[in-house]
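See structure below.
The values are calculated or read from the model by the stated rules, or taken from the named source; none is laboratory data. None of the values given here were measured: they were computed from a predicted structure. As a convention, Cβ positions derive from the backbone with ideal geometry for all residues, glycine included, and neighbour counts pool all protein chains shown. The accessibility values were calculated without ligands, DNA or RNA, using every heavy atom of the protein model including side chains. Shrake-Rupley method; radii C 1.70, N 1.55, O 1.52, S 1.80 Å.
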Amino acid sequence: MIGFFRHAFVGTCAIFAREFRAYFATPVAYVFIVVFLAVSGLFTFYLGNLFDRGQADLRPFFSFHPWLYLVFMPAISMRLWAEERRSGTLELLMTLPVGLLGAVLGKFLAAWAFAGMALALTFPTWLTVAYLGDPDHGAIIAGYLGSLLMAGSYLAIGACLSAATKNQVVAFIAAVAVGFVFTVAGAPLVLDALSAWAPRVLIDAVASFSFLVRFQAIATGVLDARDLVFFVSFAATWLFANAVLVEIKKSG
Amino acid sequence: MIEIEALVKRFDGFAAVDGVSLTVGRGAVLGFLGPNGAGKSTTMKMIAGFLAPTSGTARVCGIDVTADPLEAKRRIGYLPEGAPAYPDMTAGDFLEFIADVRGLKGAERRKCLADAIERVEIGPVLEQSIETLSKGFKRRVGLAQAILHDPPVLILDEPTDGLDPNQKHHVRQLIRAMAPAKAIVISTHILEEVEAICTRAAIIARGRVVADGEPLAGGGWRFGNLRAEPGRLEGVFRALTAETQA
């Protein structure tokens with residue numbers, strides 16, 4: 001049994017390393033990071049009015065993250081499985097001694113690590129508020145952690161949908177669409193449409209999926225265990241679906 | 001070392017493989033012959049553990065590929081049809097990745113890599129990205145990947161497809177050289193290839209083995225009560241596959 005886990009782990013590490021490096025094999029990684037940082041800065045300083053608020057915190061920075069991730073995370077995850085299926089390498093990968101869940105995990109972690117790197121490169125924003133004022137650094141660290149977890153949830157959606165198609169563009173658009181539903185699940189746009197006919201329980205259940213609502217607290221630096229559990233189990237569920245989809249789509 | 005019993009694969013009610021049973025021992029090179037869509041690749045995919053059989057079993061070195069896929073996959077080298085590889089990677093990085101996944105380490109790893117690279121002669125192109133390689137080199141990189149861990153069982157789906165005559169000759173030499181220590185299954189459309197390297201041939205049509213043949217001592221092949229003179233395998237092939245397709 002220990003041998004089984006050791007070997008599964010070996011394969012997962014190898015896949016993680018390959019996937020992570022694959023981002024840098026083409027200029028895609030650099031273009032992504034530059035655009036991500038530019039848009040992130042634009043949102044924070046221009047739309048978020050970080051300076052005019054006169055408060056030394058990163059709330060404007062974090063509060064735009066769900067919208068930022070909605071578009072940027074599918075761009076990271078779209079190639080994970082669609083590319084393997086298109087080029088036929090999925091057959092190679094699945095006949096190497098790697099468990100299916102190990103492969104799913106390796107790929108997801110590579111995408112997540114890449115997203116984490118892009119997120120880490122926003123540190124000048126943190127330095128800016130630290131220079132201008134006296135921010136609550138604990139709250140900022142909590143915000144970064146929560147943001148990273150939420151990025152994982154968007155990536156898990158994207159990875160799963162990438163396994164559903166050979167076409168990366170389709171994978172991207174599907175991931176944005178599904179991501180949008182979960183982002184705004186708690187917004188009036190969705191709840192008003194439900195409130196006319198749906199029972200209270202269902203409305204509450206739908207609202208509880210909302211990334212926006214969950215992230216509001218995190219953006220202010222409040223990391224609630226329930227939110228952490230939500231994002232982790234949300235991502236795990238999508239990754240499990242990802243493995244099932246890969247298995248189903250193998251024969252087709 | 002390869003035992004297949006009553007293997008069946010159905011796709012939406014259509015039986016791509018319909019009850020194939022075969023055994024291949026050490027030192028044997030089994031050639032899968034058959035028209036396109038006969039079920040050759042599907043059978044190989046099931047042995048390699050890519051597709052799960054609808055029913056029946058495939059065992060590799062005594063290990064059931066469905067019951068213990070990881071252990072079985074460790075003993076198999078598999079070249080999928082078309083020799084897929086990651087186009088963005090260099091040939092060298094690709095083989096390093098395969099070595100990583102297979103958990104090869106230290107001196108053993110270096111020896112495996114050096115041996116595989118030498119055997120398929122891809123030393124000069126290790127630094128090139130796979131998408132820039134010619135078809136022949138791409139196929140050889142695929143072969144290197146399959147033989148990297150020196151597996152007891154090799155499953156090669158059309159290993160010489162799309163190669164020029166010199167490259168074909170080279171790949172056949174390579175398979176012959178490895179044959180004594182391994183159980184090898186290859187699929188091919190080229191009948192002369194079967195005569196050149198196989199110690200047995202199975203003709204597959206409509207998902208079934210319609211004939212299992214062996215070379216005759218005095219030259220030529222025998223499939224059941226059909227005999228083929230040297231270089232005349234095509235007549236037997238056509239006779240067997242045409243009647244099942246009628």
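General observations
- Within segment A:97-110, being of a type outside the set (Val, Ile, Thr) and under 21 Å from A:TYR23 (Cβ atoms) holds for A:GLY102, A:ALA103, A:LEU105, A:GLY106, A:LYS107, A:PHE108, A:LEU109, A:ALA110.
- The helices (runs of 4 or more DSSP H) located wholly in segment B:17-126 that include 1 or more residues which are open to solvent by 20 Å² or more (accessible area, probe 1.4 Å) and closer than 21 Å to B:GLU193 by Cα occupy B:40-47, B:106-120.
- Leading residue by the ranking (surrounded by the fewest Cβ atoms within 10 Å (Cβ to Cβ)) among those in segment A:141-170 that are touching a Gly at 6+ places or on another chain (Cβ under 7 Å) and either among the aliphatic types (A, V, I, L, M) or modelled with pLDDT under 95 (or both): A:LEU148
- The lone exception for A:LEU58 - which of (1) within 14 Å of chain B (Cβ to nearest Cβ); (2) modelled with pLDDT under 90 it fails: (1)
- Candidate set: segment B:78-126, residues that are among the hydroxyl-bearing types (Ser, Thr, Tyr) and closer than 25 Å to A:TYR23 by Cβ; chosen: the one nearest to the other protein chains (Cβ to nearest Cβ): B:TYR86
- Among (1) touching a Ser or Thr at 6+ places or on another chain (Cβ under 9 Å); (2) of a type in the set (Phe, Trp, Tyr); (3) under 30 Å from B:LEU70 (Cβ atoms) - the single one A:TYR144 does not satisfy: (3)
- Residues of segment A:88-104 that turn out to be crowded, with 19+ Cβ neighbours inside 10 Å, within 14 Å of chain B (Cβ to nearest Cβ) and assigned to a helix (DSSP H, G or I), as a count: 7
- Restricting segment A:201-249 to residues that are part of a loop (DSSP other than H, G, I, E, B) and open to solvent by less than 30 Å² (accessible area, probe 1.4 Å), the residue that is modelled with the lowest pLDDT: A:GLY221
- Among (1) at pLDDT below 90; (2) more than 9 Å from every other protein chain (Cβ to nearest Cβ), the one test that B:GLU5 misses: (1)
- Residues of segment A:29-79 satisfying the condition of being in a helix (DSSP H, G or I), without any contact (Cβ under 8 Å) to a residue 40 or more places away in the chain and out of contact with any Gly (no Cβ under 6 Å at 6 or more places or on another chain): A:TYR30, A:VAL31, A:VAL34, A:VAL35, A:ALA38, A:VAL39, A:LEU42, A:PHE43, A:PHE45, A:TYR46, A:LEU47, A:LEU68
- Cβ-Cβ under 8 Å pairs, at least 6 apart or on other chains, segment A:213-240 side on the phi > 0 side of the Ramachandran plot, far side aliphatic (A, V, I, L, M): A:GLY221/A:ALA139; A:GLY221/A:ILE140; A:GLY221/A:ALA142
- Hey, B:GLY162 assigned to a loop (DSSP other than H, G, I, E, B) and under 27 Å from B:ASP93 (Cα atoms) or not: yes
- Verdict on B:ARG75 being facing chain A (nearest Cβ under 7 Å) and either over 23 Å from B:LEU7 (Cβ atoms) or under 19 Å from the mean Cα position of the chain (by Cα) (or both): no
Conditions (1) open to solvent by 70 Å² or more (accessible area, probe 1.4 Å); (2) farther than 15 Å from A:ALA118 by Cα; (3) not charged (D, E, K, R), marked per residue:
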| position | (1), (2), (3) |
| --- | --- |
| A:PHE43 | no, yes, yes |
| A:LEU47 | yes, yes, yes |
| A:LEU50 | no, yes, yes |
| A:PHE62 | no, no, yes |
| A:SER77 | no, no, yes |
| A:LEU80 | no, yes, yes |
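- Qualifying residue in segment B:193-205 (condition: within 30 Å of B:ALA15 (Cβ to Cβ), modelled with pLDDT of 90 or more and open to solvent by 50 Å² or more (accessible area, probe 1.4 Å)): yes
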